[in-house]
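Report on the following structure.
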């Protein structure tokens, strides 16, 4: 239990090799528009679960879209295994916040999950079916293959989009506020599904990068948290989460460390200051990087 | 119970039956030859349309209708998809299409006659021209409204631009395309009749002009009945297929 609450030299603590390297990333949508991201720099190591949190509207989704290669940065680079990303790399899959907009309602659950495999000619039909079945089993949706997404609940639809990303067998899974559109109970279930899936996956597939505005969710799931500042976003702090594994909704969330990290992130994000008013400590909005 | 069965099943038939009765009565008691009683029209329906003129006029009409409708729809979907999924194509073609769209299809007929003569080519192309724009405009709007997330997902999975258009943009535009196709149906029917009014050798439009010039007023009305039934039947079939196939449309 040596969770450091100071800005951490993460490099010393995690020996695994860097898989994603975000360097001096800046984004401006148009010359006359303000900066969305201003010099973001951080690394993701192989097998790590990194959560990126920041206040709403701080450019988290922009960051994720740049990291996945679907949006070009104004300056700076994202490299995967040392190569700069210029288009969506085959090693990544992305799960969006809004499942109703990212699933294909005209396809059945089975065909939605098979969608990323359709153009892969190296796989036989049986292999594809096998992968789809395994992905659906991983998220607990066996038996719903022939349903259309519209016939399923929100939580189940988000499971479908997670299964679709899993069937692609990415080395890195990017998640854009994956549980922001479901109710609190469903959300806990989905969080645990994600942790289960991660435990069952091969080493290469364990790397996950999640963007969220939910501090508790980030602490519960992640090995490391990157806290972003208000827009234009910069890295305000990086934190290693040393909570014991396997994590558990009741025990983990009531762990003294959990509560301490939580309070600390509130401080970093400047949330506590507002409530404490003039009496609060002003020295918490540090830029840790 | 009786009451609701009565209102839903019986009431819709009251007005048409009443109309028939009035028509029949007025037709028998007028001296005008322009209003034959309904029973005369029924007789014409039986004598002419079972089945001599059905094979001689209705089937050729339906063939032109089908060919023109298919050609216009296919072209409308293709061009609409190109416009809806590429801003550059939309910019290049926009003003030209707006101009062509404003032309009434009927007004284009003389041009079509010059280009294709008085044969089926002219008729089919006129029907296609009438169907083209409602389908094209709807397809373009449908393609343009495709959720960016759906396109992003497909690009993340490595699909090429063409694959994205075929596998994501096209299917998500299908409900809108379908609405355009439905709007195109009655237009195709109108253009079918209009195109047969000039220089034809057969077809319902030809039958209409023949009956009119021979003062076969009952025959003329019988053609109108056939057209009404045909229009309803086609629309009913279309809506049936649409509701069956597009149950997911509400979740787009």
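Is it fair to say residue B:18 is in a helix (DSSP H, G or I) and either over 25 Å from residue B:191 (Cα atoms) or touching a strand residue (DSSP E or B) at 6+ places or on another chain (Cβ under 9 Å) (or both)?
On the way: in a helix (DSSP H, G or I): yes; either over 25 Å from residue B:191 (Cα atoms) or touching a strand residue (DSSP E or B) at 6+ places or on another chain (Cβ under 9 Å) (or both): yes.
When the stated conditions are applied, residue B:18 passes them.
Here are some residues: B:136, B:97. Which one is away from every other protein chain (no Cβ under 14 Å), assigned to a helix (DSSP H, G or I) and modelled with pLDDT of 90 or more?
On the way: B:97 fails: modelled with pLDDT of 90 or more.
Step by step, each of B:136, B:97 is checked, and only B:136 is away from every other protein chain (no Cβ under 14 Å), assigned to a helix (DSSP H, G or I) and modelled with pLDDT of 90 or more.
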Subject >> Residues of region A:71-109 satisfying the condition of being under 17 Å from residue B:159 (Cα atoms), in contact (Cβ under 8 Å) with a residue 24 or more places away in the chain, more than 8 Å from chain B (Cβ to nearest Cβ) and touching a strand residue (DSSP E or B) at 6+ places or on another chain (Cβ under 7 Å) >> reply: A:91, A:95
**OP:** Output the number of residues of region B:235-252 satisfying the condition of being within 9 Å of chain A (Cβ to nearest Cβ) and assigned to a helix (DSSP H, G or I).
**Re:** 3
**OP:** Examine region A:75-95 for a residue that is crowded, with 18+ Cβ neighbours inside 10 Å, at pLDDT 90 or above and not assigned by TED's automatic domain parsing to the domain that holds residue A:37, and state whether such a residue exists.
**Re:** no
Subject >> So residue B:144, is it at pLDDT below 95, in contact with a helix residue (DSSP H, G or I) (Cβ under 6 Å, 6 or more places away or on another chain), within 14 Å of another protein chain (Cβ to nearest Cβ) and farther than 30 Å from residue B:232 by Cβ >> reply: no
Original post:
What pairs can you find where one residue is in region A:54-70 and in contact (Cβ under 8 Å) with a residue 12 or more places away in the chain and within 14 Å of chain B (Cβ to nearest Cβ), the other is crowded, with 23+ Cβ neighbours inside 10 Å and assigned to a helix (DSSP H, G or I), and their Cβ atoms are less than 7 Å apart, with a gap of 6+ or different chains?
Top reply: A:68/B:156; A:70/B:156
**OP:** Sort out which residues of region A:139-159 are in a loop (DSSP other than H, G, I, E, B) and within 24 Å of the chain's Cα centre (by Cα), and write them in order of number.
**Re:** A:139, A:140, A:141, A:152, A:153
Subject >> Criterion (touching a residue at least 24 places away in the same chain (Cβ under 8 Å) and in a loop (DSSP other than H, G, I, E, B)) met by exactly one of A:245, A:230 >> reply: A:230
Subject >> Hits in region B:200-233 (condition: surrounded by fewer than 21 Cβ atoms within 10 Å (Cβ to Cβ) and at positive phi) >> reply: B:215
**OP:** Look at residue B:200 and say whether it is in a helix (DSSP H, G or I) and more than 14 Å from chain A (Cβ to nearest Cβ).
**Re:** no
Subject >> Filter result for residue A:256 (in contact with a strand residue (DSSP E or B) (Cβ under 7 Å, 6 or more places away or on another chain) and more than 16 Å from residue A:47 (Cβ to Cβ)) >> reply: no
Original post:
Are any of the residues in region B:150-170 more than 8 Å from chain A (Cβ to nearest Cβ) and in a loop (DSSP other than H, G, I, E, B)?
Top reply: yes
Original post:
Of the residues A:247, A:253, which single one is surrounded by fewer than 23 Cβ atoms within 10 Å (Cβ to Cβ), in the same structural domain as residue A:57 (by TED's automatic domain parsing) and more than 18 Å from the chain's Cα centre (by Cα)?
Top reply: A:253
Subject >> For residue A:147: the one exception among (1) more than 21 Å from residue A:67 (Cβ to Cβ); (2) not assigned by TED's automatic domain parsing to the domain that holds residue A:113 >> reply: (2)
Original post:
For the subset of region A:178-204 comprising residues that are part of a helix (DSSP H, G or I) and at pLDDT below 80, which member is nearest to residue A:156 (Cα to Cα)?
Top reply: A:200
Original post:
For residue A:139, are the conditions met, namely being within 14 Å of chain B (Cβ to nearest Cβ) and buried (at least 20 other Cβ atoms within 10 Å of the Cβ)?
Top reply: no
**OP:** May I ask you to list the residues in region B:78-96 that are touching a residue at least 12 places away in the same chain (Cβ under 8 Å) and under 16 Å from residue B:180 (Cα atoms)?
**Re:** B:79, B:80, B:81, B:83, B:84
Subject >> Which listed residue, of B:135, B:153, B:174, B:168, is in contact (Cβ under 8 Å) with a residue 60 or more places away in the chain and either farther than 14 Å from residue B:82 by Cβ or surrounded by fewer than 20 Cβ atoms within 10 Å (Cβ to Cβ) (or both) >> reply: B:174
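The values are calculated or read from the model by the stated rules, or taken from the named source; none is laboratory data. Because the structure is a prediction, the values reported are computed rather than measured. Glycine also receives a Cβ, built like all others from the backbone with ideal geometry; neighbour counts cover every protein chain displayed.
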